[in-house]
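Input: a single structure, listed below in structure tokens.
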Amino acid sequence: MTLSEEPVAKFKVALVDYDYPSTKVFEAEVKKFGGEFAHRRCKDIDEAIAWAGDADGWIIQYLNPIGEKVFSSCKKLKVVGRLGIGYDVIDVPAATRRNIVATNVPSYCEEEVSDHAMALLLSCARRTALYTPAVKQGVWDWKIGKPIARLRGQTFGLAGFGKIPRALAPKAKAFGMTVIAYDPYLKPERAKKEGVELVDFDALLARSDFISIHCPLNAETKGLFGKEAFSKMKRTAFLINTARGGIVDLPALTEALKAGKIAGAGLDVLPQEPPEKAEPLLRLDNVVLTPHVGWYSEQSIIDLQATITRHVCMVCTGRKPDAVLNPEVLSKVSLK
């Protein structure tokens with residue numbers, strides 16, 4: 001992007017919570033726009049408001065809820081940006097009521113998350129998470145992982161068919177899998193173009209040998225995979241989740257895994273992160289767990305940090321960002 005040579009008014013961007021070792025990318029991007037950058041690992045909303053109440057733009061990672069309390073307290077706030085694709089930590093309607101732009105990074109880690117979902121699938125399918133500790137403990141026995149089915153010819157179901165599952169589908173096909181998808185907002189012609197069969201939710205549950213979740217967390221999807229859903233899945237099926245933990249009813253999943261109603265699960269996300277040490281799911285051998293790392297690569301971190309900072313700075317300098325979660329607010333604020 002080419003920036004205007006015209007001088008811009010000073011503005012302040014505050015990175016109010018983050019878990020990265022460096023903030024150099026954020027700072028460099030803000031400087032390109034002529035702004036002031038500040039960063040702090042705020043523990044809660046009250047600390048963030050007290051520290052960054054004078055900022056024009058906020059960048060947040062995990063801190064929540066970013067809602068009415070923040071918007072009414074921070075009088076200069078023009079924009080809040082979420083470090084990531086998901087934005088359930090932001091109360092978007094509240095931001096809209098206050099004429100504050102909400103933005104995210106809708107595209108930066110499709111390859112990483114789709115690779116990770118495939119890695120979880122393969123680990124479940126080939127029982128690598130079961131065999132590895134056994135071998136390390138001196139157990140050299142292929143039979144402990146029985147039964148293992150040939151992957152080629154099995155059905156891979158996608159719950160949601162946005163950018164990430166569209167990147168995942170050809171990877172599954174490369175292993176000889178048949179790919180089907182459930183997405184109530186997907187047009188049949190788009191599914192046909194991608195070479196994926198569009199099905200309803202019950203068909204997804206009944207036909208899939210593996211189901212990978214790729215839908216946002218909202219009122220429609222919270223607890224979507226619960227007791228009823230697990231009762232409709234094959235007993236030999238596996239559930240993969242690299243989306244949001246709240247889409248899965250964790251107690252219902254734990255019970256289904258214990259009772260053998262489904263064969264296993266590969267989870268990169270949980271409703272509570274990190275989980276309590278006493279979480280029953282942690283003691284199950286048929287679960288593969290990773291610490292919400294599907295998005296990560298060294299390249300994706302740079303893309304993520306630079307993009308969200310650019311979006312926030314664009315709003316602060318009167319420009320429309322590439323991603324707006326509440327476009328209805330644009331008619332009320334002056335963005336070029």
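Just so it is clear, none of the values below were taken in a lab; they were calculated from the coordinates. It should be emphasised that the depicted structure is a prediction, and the values quoted were computed from it without experimental measurement. Note that each Cβ is placed from the backbone with ideal geometry, even for glycine, and that neighbours are counted across all protein chains shown.
What length, rounded to one decimal in nm, is gained on full extension from Arg126 through to Lys227, with 0.36 nm per residue of separation minus their alpha-carbon distance?
Answer, rounded to one decimal: 33.8 nm.
Of the listed pairs Lys227/Lys261; Lys187/Lys222; Lys146/Lys234; Lys10/Lys332, which have alpha-carbon separations greater than 19 Å here?
Lys187/Lys222; Lys10/Lys332
How much mean residue ellipticity at 222 nm does the chain get from its helices, if each DSSP H run of length 4 or more adds -39500 (n - 2.57) and you divide by all residues, to the nearest 500 deg cm²/dmol?
-10000 deg cm²/dmol, from helical runs alone.
May I ask you to derive the relative contact order of the chain, considering only C-alpha pairs under 8 Å and at least 6 residues apart, and to give it as an integer percent?
19 percent
Can you give the relative contact order of the stretch 141-259 as a percent, counting alpha carbon pairs under 8 Å and 6+ residues apart?
Answer for the stretch 141-259 is 25 percent.
List the residues of the stretch 11-45 whose backbone N lies under 19 Å from a point placed 7 Å from the Cα of Glu298 along the Cα-to-Cβ direction.
The answer is 20-26.
For semi-axes √(5λ) of the Cα gyration tensor in Å, several values are listed as [x] 31, 24, 20; [y] 40, 21, 18; [z] 31, 21, 20; flag the one computed from this structure.
After the calculation, the listed value that fits is [y].
Name the residue, out of Val80, Val248, Val89, whose mean-square fluctuation peaks in a Gaussian network model built on the chain with Cα pairs under 10 Å.
The residue that fluctuates most here is Val89.
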